[in-house]
Amino acid sequence: MTATATTSLQAPRRKRRLSAGWALLWLNVLSTFVFLYAPIVVMSIFSFNASRQMQVWMGFTLDWYARMVHDERVRVAAENSLVIALVSTLVSTVIGTLTAMALERTRFRVKRLYEGAMYLPIIVPEIVMAIALLVFFNLSFSWLDRLFGLQLNFGLGTITIAHIAFSFPFVAVVVRARLADFDRTLEQAAQDLGANDWQTFRYVTLPLLMPGIIAGALLAFTLSIDDFVITFFNAGVGSTTLPLEIYGRVRRGITPDVNALSTVMLLASIVLVLGSLAFQRRRAT
Amino acid sequence: MGGFAPLDRPIDVELIDVTKVFDSGVVAVDRVTLQIQQGEFFSLLGPSGCGKTTTLRMIAGFEHPTAGEVRIEGRPMGHTPPFRRNVNTVFQNYALFPHMTVFENVAFGLRMKRVPRDEISRRVREALQLVRLSGFEERYPRQLSGGQQQRVALARALVNRPRVLLLDEPLGALDLKLRKEMQLELKHLQMTVGITFIYVTHDQEEALTMSDRIAVMNAGRVLQVGTPIEIYERPTSRFVADFIGETNFLSGRVDDVERDTATVLVAGNRPVRVRIDEPLSVGSEVTVAVRPEKVQIVPLEAPGADGLLRGRVEEVIYIGTDTFYVVRIDETTTVRVRSQNDRNRLDGGQLLPIGTAVALSWAPDAARVLLD
């Protein structure tokens, strides 16, 4: 009886008639692995290579990692990257969350226009945004100089502002997705139980949005820590970040210390993205 | 249940000519006037979309009337926000906070009011005891069954000792058996705590079971307010008679009126006598409403068979305690009869077979004349 029921529930096995289709599918899978993951794997493996040459394997070593840790330039670049990432993440998370709330909860006159404009950094080619920010900062600095005698220069500040500008829309998108299926009767229940607007936000809305906010923050952090194009155009003297440092080294030839640095960044990114996904998936109900 | 509420108690909630028109132009509530007394179990009953939930939400403060006034304890509410009203709501889907434990959920209202910590824990424990959920303090809502969540929602509202408790179809999500249990439990709870309950439901049986008084609503308007007995036995409109319980409607013309009894010609000029409350003019078109269980059915060949109407049994539906007969009077008229099965006999007594010629009768008091 049970056996019959089980078999009848299974779809009848279809013959693989589309053999050309299957071949293409396998080709696709194969090329994905070859072109996407093989380079990463090769890079990671060679970061443990005891030779300076990329082409030959001379045995396992952790020298490059040890060297990296003691390298003053790497330390400075890592510090810069972290400071920029932390500040820009903090600010863009707050702005992004508030933006999401405004877009999801209120109606205002230029909402559609604002929505479109806000998502622009997600769509616009990064190089365009990089140049635009460069021109913008240049112009602003010369005006500030002329009007107030303020001498400002490119550096950590400009990079941070640029990172906030391109990462807060991502935060807004993620938080908004969570807001969209937010059960608003929960807020009404809070109000009904005597919570004013602030208390409702503090004790009900915010904790329930937290997974979305944290996911957005992790995304912003990831975007910031490995951004190259925008950072490159808006950096100044002494504001080298890790991606810029790596680029600088690669120009003088690929060495295993670059591999080691890249591997560490890769691991950090993977951890952050997985964390972000885990938070997004965590359901409140 | 459902005793008569004495009319000398103070008014807790008053709606005066309340109208709610939504932005879309839909008139959800249309000139509703109600007075709800202290300690009363008051139900708003009606089909979905009749405006009962909107009415409740206006009392809670989630919606504001387009016109008219809501008063709680005599004070006009105007645009007073929900958190400044001495009422609490039990939501249809319970709306328990998923990120808080049962204890935290129930304590929420007291925490917002900055009640001292030890008093909070004492009152929360009392409230949980009241709904028989002691020992569940550390659970999360998702770890509870529907019925338990329902009770947490009740405790969360009652712990604040509100003047009025608003309940929006709180039993709607429960299965039938649990719903029946909870109906009695709710009624019992209400009598224990003595708080005014305003209860929204579309289930007429639920309303009859629990309420002191019921307001029947349709299309944004209150059609009738009364005790369950008044609503069931003396409906004033066809809608109420039809929505609550089951009713046979026979349209006819008033033939004769003498004092408090009218003779109405129905179904091919057959005269039926009906008790009337209001004067009625001869010749007016009316509807005679009679409940299936008030109709007596006798086979024509039985000795002394005499009836108001005669017809033939067309359908027999046996439902255990009772049997329904559908009796055809003429081409356009059938009457449903609900007849209790013979309780002294194991075979349920003899059912009348299909095709039996029968006489139908009822007491003049058992039928109502409806003007619409």
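The values are calculated or read from the model by the stated rules, or taken from the named source; none is laboratory data. Treat the numbers as computed from the prediction; the structure is a model and nothing was measured. Counting neighbours? That spans all protein chains shown, and the Cβs are built from the backbone with ideal geometry, glycine included. These area figures cover heavy atoms from the full protein model, side chains too; ligands, DNA and RNA do not enter into them. Shrake-Rupley method; radii C 1.70, N 1.55, O 1.52, S 1.80 Å.
Of all residues in region B:102-144, those satisfying the criterion of being of a type in the set (S, T, N, Q) and open to solvent by 60 Å² or more (accessible area, probe 1.4 Å) are B:129, B:134, B:143. So, in region B:59-104, how many residues would count as being under 21 Å from residue B:169 (Cβ atoms) and of a type in the set (Val, Ile, Thr)? Residues meeting the conditions: 5. Do we find that residue A:137 is in a helix (DSSP H, G or I), in contact with a helix residue (DSSP H, G or I) (Cβ under 7 Å, 6 or more places away or on another chain) and touching a residue at least 60 places away in the same chain (Cβ under 8 Å) in this structure? Considered against the rule, which asks whether it is in a helix (DSSP H, G or I), in contact with a helix residue (DSSP H, G or I) (Cβ under 7 Å, 6 or more places away or on another chain) and touching a residue at least 60 places away in the same chain (Cβ under 8 Å), residue A:137 comes out as yes. Note on region B:64-90: among residues that are farther than 22 Å from residue A:198 by Cβ, out of contact with any Gly (no Cβ under 9 Å at 6 or more places or on another chain) and surrounded by 18 or more Cβ atoms within 10 Å (Cβ to Cβ), the one that is nearest to the other protein chains (Cβ to nearest Cβ) is B:90. Looking across region A:24-75, the residues that are over 18 Å from residue A:267 (Cα atoms), in a loop (DSSP other than H, G, I, E, B) and either of a type in the set (Lys, Arg) or touching a strand residue (DSSP E or B) at 6+ places or on another chain (Cβ under 9 Å) (or both) come down to A:50, A:52, A:56, A:57, A:58, A:59, A:61. Summed over region B:169-197, the residues that are open to solvent by less than 40 Å² (accessible area, probe 1.4 Å) and assigned to a helix (DSSP H, G or I) give a count of 6.
Only one of the numbered conditions (1) in a helix (DSSP H, G or I); (2) within 14 Å of chain B (Cβ to nearest Cβ); (3) buried (at least 20 other Cβ atoms within 10 Å of the Cβ) is violated by residue A:158, and that is (2).
When the strands (runs of 3 or more DSSP E) confined to region B:198-307 are screened for residues that are open to solvent by 10 Å² or more (accessible area, probe 1.4 Å), charged (D, E, K, R) and under 21 Å from residue B:359 (Cβ atoms), those reaching at least 1 such residues are found at B:248-258, B:270-275.
Of all residues in region B:91-133, those satisfying the criterion of being within 8 Å of chain A (Cβ to nearest Cβ) and either in contact with a Cys (Cβ under 6 Å, 6 or more places away or on another chain) or of a type in the set (Gly, Ala, Ser) (or both) are B:95, B:109. Taking the criterion of being among the aromatic types (Phe, Trp, Tyr) and either surrounded by fewer than 21 Cβ atoms within 10 Å (Cβ to Cβ) or in contact with a strand residue (DSSP E or B) (Cβ under 8 Å, 6 or more places away or on another chain) (or both), the only residue of region B:91-101 that qualifies is B:91. Of A:23, A:50, A:78, all but one fail to be open to solvent by less than 40 Å² (accessible area, probe 1.4 Å) and among the aliphatic types (A, V, I, L, M); the exception is A:78. No other residue among A:194, A:149 is more than 21 Å from residue A:117 (Cα to Cα), buried (at least 19 other Cβ atoms within 10 Å of the Cβ) and free of Cβ contacts under 8 Å to residues at least 12 places away in the same chain apart from A:194. Among residues of region A:192-206 being among the β-branched types (Val, Ile, Thr) and either at the interface with chain B (Cβ under 7 Å from one of its Cβ atoms) or more than 28 Å from the chain's Cα centre (by Cα) (or both), the one that is nearest to residue B:93 (Cα to Cα) is A:204.
Can we say residue B:166 is at the interface with chain A (Cβ under 9 Å from one of its Cβ atoms) and either of a type outside the set (Lys, Arg) or open to solvent by 40 Å² or more (accessible area, probe 1.4 Å) (or both)? It is true that residue B:166 is at the interface with chain A (Cβ under 9 Å from one of its Cβ atoms) and either of a type outside the set (Lys, Arg) or open to solvent by 40 Å² or more (accessible area, probe 1.4 Å) (or both). Do we have any residue at all in region A:78-93 that's touching a helix residue (DSSP H, G or I) at 6+ places or on another chain (Cβ under 8 Å) and charged (D, E, K, R)? No, there is no match, as no residue in region A:78-93 is touching a helix residue (DSSP H, G or I) at 6+ places or on another chain (Cβ under 8 Å) and charged (D, E, K, R).
Among the residues of region A:174-191, those identified as surrounded by fewer than 18 Cβ atoms within 10 Å (Cβ to Cβ) and more than 14 Å from every other protein chain (Cβ to nearest Cβ) are A:177, A:180. Pairing residues of region B:147-162 that are away from chain A (no Cβ under 12 Å) and among the small types (Gly, Ala, Ser) with residues that are in a loop (DSSP other than H, G, I, E, B) and open to solvent by 10 Å² or more (accessible area, probe 1.4 Å), at Cβ distances under 8 Å and at least 6 apart in sequence or on separate chains, gives B:147/B:174.
All of (1) surrounded by 17 or more Cβ atoms within 10 Å (Cβ to Cβ); (2) away from chain A (no Cβ under 14 Å); (3) out of contact with any Asp or Glu (no Cβ under 6 Å at 6 or more places or on another chain) hold for residue B:36 with one exception: (3).
Just name the residue that is farthest from residue A:211 (Cα to Cα) out of those in region A:93-119 that are open to solvent by 40 Å² or more (accessible area, probe 1.4 Å) and in contact (Cβ under 8 Å) with a residue 40 or more places away in the chain. Across region A:93-119, the extreme among qualifying residues is A:119.
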